[in-house]
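All remarks here apply to the structure that follows.
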């Protein structure tokens with residue numbers, strides 16, 4: 001799974017597949033990160049048809065951004081973000097048993113990602129701009145195997 005943590009102090013959401021990183025997020029880079037649970041499913045290793053989910057960070061505004069698009073990663077790097085890691089793998093097109101991972105952005109503050117249309121609408125009501133679909137991720141609890149759906 002892709003875990004989500006949030007720092008209200010720096011207004012940043014951190015997404016990671018690592019339980020230890022969730023627990024350590026309170027120490028790096030700021031002690032105010034609070035775990036918020038599972039944001040989405042992702043693949044820990046590459047599966048057929050998947051692409052790396054890239055995590056970037058911009059220190060100047062203390063913001064993590066995520067994308068499966070190399071072109072978007074390049075644009076983010078041009079805006080001052082640095083590539084940090086690849087937390088896992090996702091789909092760039094929808095396949096059976098996958099759902100959209102929506103991306104949102106609070107200008108000069110925070111990127112937010114969710115599979116929930118309700119949560120997406122609530123964040124847009126809180127001032128976040130809709131970035132569209134970042135990727136497609138497995139439905140929680142569903143194992144995608146071969147061509148079987």
Considering segment 57-85 alone, what residues qualify as being over 20 Å from residue 3 (Cβ atoms) and modelled with pLDDT under 95? 59, 60, 61
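If I filter segment 52-87 down to residues being touching a residue at least 60 places away in the same chain (Cβ under 8 Å) and assigned to a strand (DSSP E or B), which single residue comes out as surrounded by the fewest Cβ atoms within 10 Å (Cβ to Cβ)?
Going through the qualifying residues, I end up with 87.
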With the structure loaded, tell me whether residue 126 is under 30 Å from residue 46 (Cβ atoms) and either modelled with pLDDT of 95 or more or touching a strand residue (DSSP E or B) at 6+ places or on another chain (Cβ under 9 Å) (or both) or whether it fails that test. no
Residue 137, sole failed condition from (1) without any contact (Cβ under 8 Å) to a residue 12 or more places away in the chain; (2) buried (at least 17 other Cβ atoms within 10 Å of the Cβ): (1)
Of the criteria (1) surrounded by fewer than 13 Cβ atoms within 10 Å (Cβ to Cβ); (2) under 16 Å from the mean Cα position of the chain (by Cα); (3) modelled with pLDDT under 95, which one residue 7 fails: (1)
Being modelled with pLDDT of 95 or more and farther than 7 Å from residue 89 by Cα is the filter here, so list the residues in segment 47-56 that pass it. 54, 55, 56
When segment 29-46 is examined, which residues are found to be modelled with pLDDT of 90 or more and in a loop (DSSP other than H, G, I, E, B)? 41, 42, 44, 45, 46
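The values are calculated or read from the model by the stated rules, or taken from the named source; none is laboratory data. Keep in mind that this is a model prediction, so the values were computed, not measured. Virtual Cβ from ideal backbone geometry, glycine too; neighbours counted across all protein chains shown.
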